Amino acid sequence: MPRYLIGIDLGTTNSALAYIDLTDPKAIRPFRMPQLVAAGETAPRELLPSFLYLPGPHDLPAGATALPWDAHGNLAVGEFARNHGSRIPGRLVTSAKSWLCHAGVDRSAAILPWSAPPDVQRISPVEASTRYLRHMAQSWNHVMAKDDAEHRLEKLPVVLTVPASFDDVARTLTVEAARQAGLENVTLLEEPQAAFYCWLAMHTPEEKAQLKPGDHCLVVDVGGGTSDFSLIQAVEQQGMLGFVRQAVGDHLLLGGDNMDLALAKF
């Protein structure tokens, strides 16, 4: 058995990594990811903003995008990317997850940033997702696996969440992004189910016992890019309480990003 079990939420606007140390399996710990927070400055944060900035040849000083594990990095991911890129949106990749599930575009094509000028070399939604996952892996390895290669993220079991309404192409491309980031042992889990499992884990047996066979639970997940609905039914399985997912809502590109755009237009 590995020492650590990993959970990753690859979000539209923020991503996060949490883990269980099997030497103390009762505690779920968020991992504070080192990331650029200013030019040439790194700091740990519990969230990794899902933003990628592609610097121009002259808009940042030399070494501004260096990381402790990559002194020659030529792009920025995370907090600094979000903040600095907001001033130069033509070089900022945002909402890659929404593009990853957009059936109207070639999701493996270099289309981001969507509003980039001709001199900016674009990347695909898959590559953007790969960059976020690779940053998580590299930051974890830098902090948690310095002294033991067996603790490297590539070697650990990883549960990676996706919207329940993702189509098969989006799920396949998410797995491909994880593979390109070097992750070898990945299990996809639908986000509403992950939220439901979390609810079960965080409530007492007496509270959970209020659910009876035949009851239905509606999980509503309004995220940065999508609104996700799942209907879960409580059932009796071999004399014990079990749960079966009965239905998933249609794919709705109706999340925080979309509300921001609607308010801005209004």
- request: Collect the residues in the stretch 1-18 that are in contact (Cβ under 8 Å) with a residue 40 or more places away in the chain and either of a type in the set (Phe, Trp, Tyr) or assigned to a strand (DSSP E or B) (or both), keeping them in residue-number order.
  value: Tyr4, Leu5, Ile6, Gly7, Ile8, Asp9, Asn14, Ser15, Leu17
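To keep it simple, each residue is scored yes or no on (1) among the basic types (Lys, Arg); (2) crowded, with 22+ Cβ neighbours inside 10 Å; (3) closer than 21 Å to Gly224 by Cβ; (4) in contact (Cβ under 8 Å) with a residue 12 or more places away in the chain.
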position	(1), (2), (3), (4)
Arg107	yes, no, yes, yes
Val120	no, no, no, yes
Trp140	no, yes, no, yes
His151	no, no, no, yes
Pro163	no, yes, yes, yes
Asp167	no, no, yes, yes
Thr172	no, no, no, no
Ala195	no, no, yes, yes
Cys198	no, no, yes, no
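Which of the residues spanning the stretch 20-58 are open to solvent by less than 40 Å² (accessible area, probe 1.4 Å) and farther than 30 Å from Gly85 by Cα?
Of everything in the stretch 20-58, those that are open to solvent by less than 40 Å² (accessible area, probe 1.4 Å) and farther than 30 Å from Gly85 by Cα turn out to be Asp21, Ala27.
Residue-wise test of (1) open to solvent by less than 50 Å² (accessible area, probe 1.4 Å); (2) free of Cβ contacts under 8 Å to residues at least 24 places away in the same chain; (3) among the aliphatic types (A, V, I, L, M).
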site: Leu160; (1), (2), (3): yes, no, yes
site: Val175; (1), (2), (3): no, yes, yes
site: Gly182; (1), (2), (3): yes, no, no
site: Asp215; (1), (2), (3): no, yes, no
site: Gly225; (1), (2), (3): yes, no, no
site: His251; (1), (2), (3): no, no, no
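For (1) within 23 Å of Leu10 (Cα to Cα); (2) in contact with a Ser or Thr (Cβ under 7 Å, 6 or more places away or on another chain), each residue gets a yes or a no:
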| residue | (1), (2) |
| --- | --- |
| Gly63 | no, no |
| Ala76 | yes, yes |
| Glu79 | yes, no |
| Arg82 | yes, no |
| Pro113 | yes, no |
| Ala116 | no, no |
| Gln121 | no, no |
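The values are calculated or read from the model by the stated rules, or taken from the named source; none is laboratory data. Please read these numbers as outputs of a predicted model, since none were measured by experiment. So basically every Cβ, Gly included, is an ideal-geometry build from the backbone, and we count neighbours across all protein chains shown. These area figures cover heavy atoms from the full protein model, side chains too; ligands, DNA and RNA do not enter into them. Shrake-Rupley method; radii C 1.70, N 1.55, O 1.52, S 1.80 Å.
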